[in-house]
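Single-structure report; data block below.
What follows is calculated from the coordinates using simple rules that are stated; it is not laboratory data. These figures come from a predicted structure and were not determined experimentally. Cβ coordinates were reconstructed from backbone atoms using ideal geometry, including for glycine residues, and neighbour counts include every protein chain displayed.
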């Protein structure tokens, strides 16, 4: 499981992060970390036919998060 479109600085974001973490723990499901923040970067990359790693700082940060997910899923470093 992963938290997508997470808004860490909002009350709602904090609430749902806790709910998702509790649900994953109760069901003994892995939760990929960190949560993926809500960003426009994916739509922009799609429109521009570029990779997230080729965009601005926000895009590159999101690319690093997704790369980390792959590492967590495959167990490779």
### Query
Which pairs do you get when a residue that is in contact (Cβ under 8 Å) with a residue 40 or more places away in the chain and on the phi > 0 side of the Ramachandran plot, found in the range 35-59, comes within reach of a residue that is in a strand (DSSP E or B) and exposed (fewer than 12 other Cβ atoms within 10 Å of the Cβ), reach meaning Cβ atoms under 9 angstrom, with the pair 6+ apart or on two chains?
none
### Task
Mind listing whichever residues of the range 2-15 are under 14 Å from the mean Cα position of the chain (by Cα) and either at positive phi or in a helix (DSSP H, G or I) (or both)?
5, 13
### Query
How about the range 44-77: which of its residues are in a helix (DSSP H, G or I), more than 23 Å from residue 1 (Cβ to Cβ) and out of contact with any strand residue (DSSP E or B) (no Cβ under 9 Å at 6 or more places or on another chain)?
44, 45, 46, 47, 48, 53, 54, 57, 59, 60
### Query
Do we have residue 24 as out of contact with any strand residue (DSSP E or B) (no Cβ under 7 Å at 6 or more places or on another chain), assigned to a helix (DSSP H, G or I) and over 19 Å from residue 1 (Cα atoms) here?
no
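Can you name the residue in the range 50-70 that is within 18 Å of residue 9 (Cβ to Cβ) and touching a helix residue (DSSP H, G or I) at 6+ places or on another chain (Cβ under 8 Å) and is also surrounded by the most Cβ atoms within 10 Å (Cβ to Cβ) among such residues? Step through it out loud before you land on a result.
Within the range 50-70, the subset within 18 Å of residue 9 (Cβ to Cβ) is 57-58, 61-62, 65.
Going one step further and asking which of them are touching a helix residue (DSSP H, G or I) at 6+ places or on another chain (Cβ under 8 Å), we end up with 58, 62.
Details: 58: 14, 62: 19.
That would be 62.
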### Summary
Taking the range 27-43 and keeping residues within 15 Å of residue 61 (Cβ to Cβ) and part of a loop (DSSP other than H, G, I, E, B) leaves 33, 34, 35, 36, 38, 39, 40
### Query
Considering the range 23-49 alone, what residues qualify as being out of contact with any helix residue (DSSP H, G or I) (no Cβ under 6 Å at 6 or more places or on another chain), surrounded by 13 or more Cβ atoms within 10 Å (Cβ to Cβ) and farther than 23 Å from residue 12 by Cα?
44
### Query
Which of the residues spanning the range 3-22 are in contact (Cβ under 8 Å) with a residue 24 or more places away in the chain and exposed (fewer than 15 other Cβ atoms within 10 Å of the Cβ)?
4, 5, 7, 8
